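Novice: Pasting a structure below so you can have a look.
Where a number appears in this text, it was derived from the coordinates with a stated rule and is not lab data. Nothing here was measured: the structure is a model prediction, and the numbers come from that model. Virtual Cβ from ideal backbone geometry, glycine too; neighbours counted across all protein chains shown.
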There are 2 protein chains.
Amino acid sequence: MKNNMLKACPLLITLFVFCQDLLAQSRPTWIWYPGDFEIWLSNNMQNRRTERNTFYPVFWKYDSHYPLIDFHKDFDLTTAEAVKIYTEGAYNVKIDGRAIEGVPQQITVPAGHHRINIKVFNQANVPAVYVEGKTIVSDSSWLVTFEDKEWIDETGKASDVSATKWLNAGSWNFHHSQTLPSACKLPVRPQYAVSTNKSNSGTLVDFGKETFGFIRLHGVQGTGNVTLYYGESKEEALHAKSAETYDVFSSRQSSKTDSLLPSSKAFRYVNIVTSGDVKVDSISMLYEYAGLKERGQFRCSDEEVNRIYDISKYTFELNTREFFIDGIKRDRWVWSGDAYQSYLMNYYLYFDNATVSRTILALRGKDPVTSHINTIMDYTFYWFLSIYDYYLYTGDQSFIKQFYPRMQTMMEYCLGRRNKEGLMQGLSGDWVFIDWADGLSKKGAVSFEQLLLCRSLETMGLCADLVGDKSDAAKYNQYAATLKKQLFELYWNQQQQALVHSRVDGQQTANVTRYANMFAIFYDYFNAAQKNAVKQSVLLNDSIQKITTPYMRFYELEALCAMGEQDYVLKEMKDYWGGMLKLGATSFWEVYNPAETGVQHYAMYGRAFGRSLCHAWGASPLYLLGKYYLGVKPTSAGYNTYTVQPALGGLQWMEGKVPTPNGDIVLYCSTKEMKITTAAGTGLLRFRSKIKPVCKTGTLVNKGEDWYEMAMRAATSYVVNYQAPKPETHAKTR
Amino acid sequence: MKNNMLKACPLLITLFVFCQDLLAQSRPTWIWYPGDFEIWLSNNMQNRRTERNTFYPVFWKYDSHYPLIDFHKDFDLTTAEAVKIYTEGAYNVKIDGRAIEGVPQQITVPAGHHRINIKVFNQANVPAVYVEGKTIVSDSSWLVTFEDKEWIDETGKASDVSATKWLNAGSWNFHHSQTLPSACKLPVRPQYAVSTNKSNSGTLVDFGKETFGFIRLHGVQGTGNVTLYYGESKEEALHAKSAETYDVFSSRQSSKTDSLLPSSKAFRYVNIVTSGDVKVDSISMLYEYAGLKERGQFRCSDEEVNRIYDISKYTFELNTREFFIDGIKRDRWVWSGDAYQSYLMNYYLYFDNATVSRTILALRGKDPVTSHINTIMDYTFYWFLSIYDYYLYTGDQSFIKQFYPRMQTMMEYCLGRRNKEGLMQGLSGDWVFIDWADGLSKKGAVSFEQLLLCRSLETMGLCADLVGDKSDAAKYNQYAATLKKQLFELYWNQQQQALVHSRVDGQQTANVTRYANMFAIFYDYFNAAQKNAVKQSVLLNDSIQKITTPYMRFYELEALCAMGEQDYVLKEMKDYWGGMLKLGATSFWEVYNPAETGVQHYAMYGRAFGRSLCHAWGASPLYLLGKYYLGVKPTSAGYNTYTVQPALGGLQWMEGKVPTPNGDIVLYCSTKEMKITTAAGTGLLRFRSKIKPVCKTGTLVNKGEDWYEMAMRAATSYVVNYQAPKPETHAKTR
């Protein structure tokens, strides 16, 4: 990815915005100050974590919505129009600056040019407005501010409000006047147990696979407590003293009744223990889900890989909720590093922009910046990178225009924390996370953090350009260039042929880890010689500490794929994700170490069942299979241009879909034939063939050796006959 | 007032803190993050403004409380202790970092050294905690933060929280577990009408004087609306189309019932108009008040002055509510310029620190600073000055320590808005208010604003010193010195013998106004020659535009008093405030122009009844009589030292009390005798006498001419026989 890939097609964007406007005009929706509902909702969502029945909120700053918001829009009416007004909060309405007496629920706007202002206060929930007329409707074209600064002096002169900053209103999917944003709830559907058995202490119910939702008790009678111990594993549910989560329901029922528990939990197993004379007939559950449409698809000749893809999808579905969360059992929080991977998976499955932008906004919160995002230095940088990717995949420039100021203040916070050498080093209160890995040093200035900062600065340069701030763009690009130079001067070790892990007290350490080296590959920071050297000296070198989290496996395998090692990666995928399946996993885990056995797999943080068995970062095959096997990726903003470079990686055939902002790219690929139906934008097919390939509808160009390219028009089908090379064996040499 | 006056007595403060601690230990109180309840309450309070029955909130940014707060304190127990826990919000409790399962309402803390943490989430209201044990009680010694940054890494290692900022908890008067801060309400008592008469449109009820509260309808029956038009004047209540406020009560009562209206209003008159067949027997009201104890007193030989003092007291009582507000009818908002004067009056009447600090915190709100306080440049500066005064009068150093960071960011905002010459000039979105005065220029850089900035910078220097930030102190003192020099270089006009009003495009204007000149007098910025020149060329010069608001009359009269013109000022006071009394005022007004007649007195902002007839700034005689007639003022923080310099100003005698942090100073003074009982601290009596004065218990020192001084010990009574000089006549020469 180079910056010039991100130059958007202005026509396409104009057209897109125009279509959005048309759509918006006909359909009112609840609107608010952008970012505010997202913050409010994430506070509520993250509050739902409990540990051993104890409220367990985050340890960073929760921000709030602005409690007082002014909404306005100008309209040109040919005839007078009756308009209904709904709000969440106390409000007033003005037409052309003049307040309407009382609390009007319906107003009539006369013909002509008029401005409607609605000012709403709400401390508990987000001030929101829903306006429903024939042509006057609330949508994101309304402008909002938290300080209108509209005063009148003693002479009646109106104030100069030219400094007031107006943003476009935020919205989501609250399209009916009665679906209040403050009542936001995900949909649910009933699910039933697959088995129920007596346990030592009570009754053990198995729902057959990892799931999430609300337990419903059926036929409760008697006086006493019903305690439900939840388990992602059977062992956890049966271990009353160590189960991470449980609920207690107090009953005083003289006749049988059903009760729905108010708090959602993650589990496969539930052990029901009762006290007193209370009895429970049975339990079922309401499965809670986001209900996003799956647009991406993948199927291939290897059934194990298909199963990995399906379980990845299910793992991702469970962790895609109001926001992209880390895992459903324990934290249920929005973590920037975890979410960053979810965004990427999302581009190959749901392509749901709203969940991405909502998560980005929730993570950022508001000024002033008082800490790194989630308190973690690397997580701040992933936040910047997520905006880079968001723009590349979706082409949504307006998001960057609205929130560039929040990027600025976040970056200024980082730049203010550099050490004497200009490097990021963990200060008191900063968490340098990198990865869960035994003995990983966080001391001094870690190369990995500098690399992420460098990429973040490049993102700032790009976004400054997009918002037309040339001086910022020059500044950040200069910072990035300087830091990139430093990265090699200060961390490259010629002898080890790698970037070392850190500098401590201004001196290079001898320690080499995978992190900076693998990121530098897919960020294209290495020259060709360095790249190949690092592949051998780090990536395929068993003496370098191995990665045991799917979190960092994601990037390790991506780096290998980016170097054409799809054959090797497919085997690794089958080993690693296949390994979890063989242990009976019904969703993918937070940590998987093949060297562990039995209940060792469940322990973490010094707790017997501390580990999450359903973690979003476990679902990365979604991304790898879409981007590096089907081989589809944007090369300029919003898939205005893109490449398709299929790689079977040893499979006999594969087929699938990759979503784009305007339609899906559909692909079938065997060792002999490729069939592609393109979406909007200009595609470039790249592949290798041992024979001269044939395509009746496109022009194939030989690019040297056995590489071929073919330009593809929008919304067109192509069939290519070719012969794939034999599976690569480079990586095997390790 | 010079900076060195503010050096506090460390022993006294230590003793004071110790006493507070003792008091706190025995008495639990609801606590919160300091400043948060104040912001939350001010949002609610300021939302109560209505105009013509329409919700009318402010036009600047409302901030929010932090929704998630961690409270903690360490205790050393000799025996185990049972502790009850009450919160406003979802919470968890930890002892020594370990969470207690569930939602404990009572815990037992074992003997020994233990830390108790309580973490509370509340979006709608302020997270608050009330802890009640034998020795473990919630009070302001608890520490609070909005980001504890307490994470545990994969090895179980606890995070470095040394960068977490802890403040002392905020509290007020919620001393019982069941008096929830979120239910905060001022007390009420019933009041009854003095007359009820038929009006053209309905029934006109007169409550006899300006008042504030909730109307109670008695014996309502029938179906229809009861509309209540409120009037500070009879004319307003009877003018349905122009009354600033009204309420509509809808009745569908088949039998007689009483109803209390939910929203408070300001009025003397209420005109009741009914529709349909609805009938109302009568109305009464619930008077709402803050209930602060009056500690200051003033009585003298002039009955008109006594009446002015009493009506000032009542005016001030009405405007002293949850906060010091501007006026009770219209805005009911917290305006920094208005509040600044209320603080000063408060020091001579209630000496209620809590209402001062609460108002200062509400005005400041939170970072980031996006506008001047109330959007007004001068109001930002008054905010700084109010902290200077607060410390001088109360000696409360902990307030400054807690909130110095908010002073810093506010000042940095100001300094970032200076023009090329380094002067404050109204930028787009800034309101340069100064005063309500016809044709007053706000163009360019106004001298008055520079003067206030200069004083604000001196305040920053002082406070930086108090918090031990030497580099800040040096920086701000340097800025102040530079600006003070500029003030004279750029604005002093030798020919006019005055500071000119403004510079426009880098050039002095010829315009001279009173504002900068009178402030420079009591800030002691002029040398003696300049001071006397300005008195003639500006203060006593009728060709300089006159001041018509009690707001600026406050400072004008203060400047004259500071120059010893008490005789002249007393006559002005009788003229001006006496003038309102002669027009039947039962409280003092926002604006009084003796040249106006009849209903002209009620109009403002182009509205027939726009003017407020009960405005806090109308009560300034409270301050002038206490500080410049009784003559009591602190000369170092918290009345550690103070002067008493009585000035009869032509009165035969006067007597009164001035409150201090530790007791009242009681004074009687006639032309022949002074009796003083002092409070804590060291006093200095200063006075003039035509004979050699006599005091049996103190040592009188002649200071040249007929000036005498006498040092006074704490809590001692003195009688001085002397002879006052004849009334001064300087000012009469005008």
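Novice: Which one, B:Leu77, A:Tyr623, B:Ala99, projects farthest toward the positive side of the charge dipole computed for the protein assembly as shown from Cβ point charges (K/R +1, D/E -1)?
Specialist: Positive-end residue among those listed: A:Tyr623.
Novice: Tell me, A:Cys184, B:Cys454 in order of fewest to most beta-carbon neighbours within 10 Å?
Specialist: A:Cys184, B:Cys454
Novice: So how strong a dipole does chain B carry about its Cα centre when Lys and Arg Cβ are +1 and Asp and Glu Cβ are -1, to the nearest 20 debye?
Specialist: So the dipole magnitude of chain B works out to roughly 1340 debye.
Novice: Please compute, for peptide B:51-58, the average count of beta-carbon atoms on other protein chains lying within 10 Å of each residue's beta-carbon.
Specialist: Neighbouring Cβ atoms belonging to other protein chains average 6 per residue here.
Novice: To continue, here is another question. Skipping prolines and chain starts, which residues have an amide H placed within reach, meaning under 5 Å, of the one on B:Ile665, given they are 5 or more residues away or on another chain?
Specialist: Amide H neighbours of B:Ile665: B:Val658, B:Thr660.
Novice: Quick one: what does P(r) look like for the range B:406-523 with 5 Å bins over all Cα pairs, in whole %?
Specialist: Binned Cα distances yield the sequence 2, 11, 21, 23, 19, 13, 7, 3, 1, 0.
Novice: Still on this model: Using modelled backbone amide H atoms (1.01 Å from N, in-plane), which distant-in-sequence or interchain residues come within less than 5 Å of A:Thr643's amide H?
Specialist: Hits under the 5 Å cutoff: A:Lys633, A:Thr635, A:Leu684.
Novice: Can you list the aspartates and glutamates whose alpha carbon is less than 12 Å from that of A:Lys165, not counting same-chain residues fewer than 8 positions off?
Specialist: A:Asp70, A:Glu147, A:Asp148
Novice: Continuing with this model, one more query. Using the Cα centre as the reference, give the magnitude of the dipole from point charges on the C-beta atoms of the protein assembly as shown (Lys, Arg: +1; Asp, Glu: -1; all else neutral), rounded to the nearest 20 debye.
Specialist: The dipole magnitude comes to about 240 debye.
Novice: Determine the shielding of peptide B:141-151 by partner chains: average, over its residues, the number of Cβ atoms on other chains within 10 angstrom of each Cβ.
Specialist: 4
Novice: If you don't mind, another one. Given a cut-off of 26 Å, name the pairs among B:Lys241/B:Lys329; A:Lys94/B:Lys329; A:Lys574/A:Lys672; A:Lys627/A:Lys672; B:Lys531/B:Lys672 whose C-alpha atoms lie farther apart than that in the structure shown.
Specialist: From B:Lys241/B:Lys329; A:Lys94/B:Lys329; A:Lys574/A:Lys672; A:Lys627/A:Lys672; B:Lys531/B:Lys672, over 26 Å: B:Lys531/B:Lys672.
Novice: Continuing with this model, one more query. Using the Cβ atoms and a cut-off under 15 Å, what net charge is assigned to the surroundings of B:Gln123, where Lys and Arg are +1 and Asp and Glu are -1?
Specialist: -3
Novice: Spelling out what I want: for every residue of the range B:534-544, take phi, set θ = phi - 60°, compute 6.51 cos²θ - 1.76 cosθ + 1.60 (Karplus), and round to whole Hz; glycine and proline get x.
Specialist: 5, 4, 7, 6, 10, 4, 9, 9, 5, 7, 7
Novice: Per residue of B:90-103, count partner chain C-beta atoms within 10 Å of its C-beta, then hand back the mean as an integer.
Specialist: 3
Novice: Kindly state, to the nearest 0.05, the FRET efficiency for B:Gln536 paired with A:Phe75, given R0 = 51 Å and r defined as their beta-carbon distance.
Specialist: Once the sixth-power term is evaluated, E becomes 0.25.
Novice: Kirkwood hydrodynamic radius, computed over distinct alpha-carbon pairs, for the range A:188-288: how many Å, to one decimal?
Specialist: 13.2
Novice: Please get the size of the charge dipole for the range A:120-178, origin at its Cα centre, with Cβ charges of +1 on Lys and Arg and -1 on Asp and Glu, quoted in debye to the nearest 20.
Specialist: Roughly 220 debye, rounded to the nearest 20.
Novice: How big is the C-alpha Rg of the protein assembly as shown next to the rule-of-thumb value 2.2 N^0.38 Å, as a ratio?
Specialist: So the protein assembly as shown has a normalised radius of gyration of 1.05.
Novice: Separate question: Can you give me the relative contact order of the range A:94-211 as a percent, contacts being Cα pairs under 8 Å and 6 or more apart?
Specialist: Value for the range A:94-211: 15 percent.
Novice: Among B:197-209, A:373-385, what's the highest-first ranking by average C-beta atoms within 10 angstrom per residue?
Specialist: In descending order of packing, they fall as A:373-385, B:197-209.
Novice: I've got another one for you. I need the peptides B:587-600, B:666-679, A:637-650 ranked by packing, meaning the mean over residues of other C-beta atoms within 10 angstrom, with the highest value on top.
Specialist: Output ranking for B:587-600, B:666-679, A:637-650: A:637-650, B:666-679, B:587-600.
Novice: Can you list, shortest first in nanometers, how far A:Lys279 lies from the same residue in the other copies, with each label 7 Å from Cα toward Cβ?
Specialist: Distances between equivalent label points, in nm: 6.5.
Novice: Tell me which aspartates and glutamates have Cα within less than 15 Å of B:Lys209's Cα, excluding those fewer than 8 residues away on the same chain?
Specialist: B:Glu232, B:Glu235, B:Glu236, B:Glu288, B:Asp310, B:Glu317
Novice: Moving on to the next point. Over 25 Å between Cα atoms, which of A:Lys443/B:Lys119; A:Lys633/A:Lys675; A:Lys293/A:Lys696; A:Lys73/A:Lys401 qualify?
Specialist: A:Lys443/B:Lys119; A:Lys293/A:Lys696
Novice: May I pose another question? Determine ³J(HN,Hα), in whole Hz, for all residues of the range A:625-633 in sequence, where each value follows from phi through the Karplus function 6.51 cos²θ - 1.76 cosθ + 1.60 and θ = phi - 60°; x replaces Gly and Pro.
Specialist: 5, x, 8, 10, 10, 4, x, 9, 8
Novice: How would A:Ser502, A:Ser263 line up from fewest to most surrounding beta-carbon atoms within 10 angstrom?
Specialist: A:Ser263, A:Ser502
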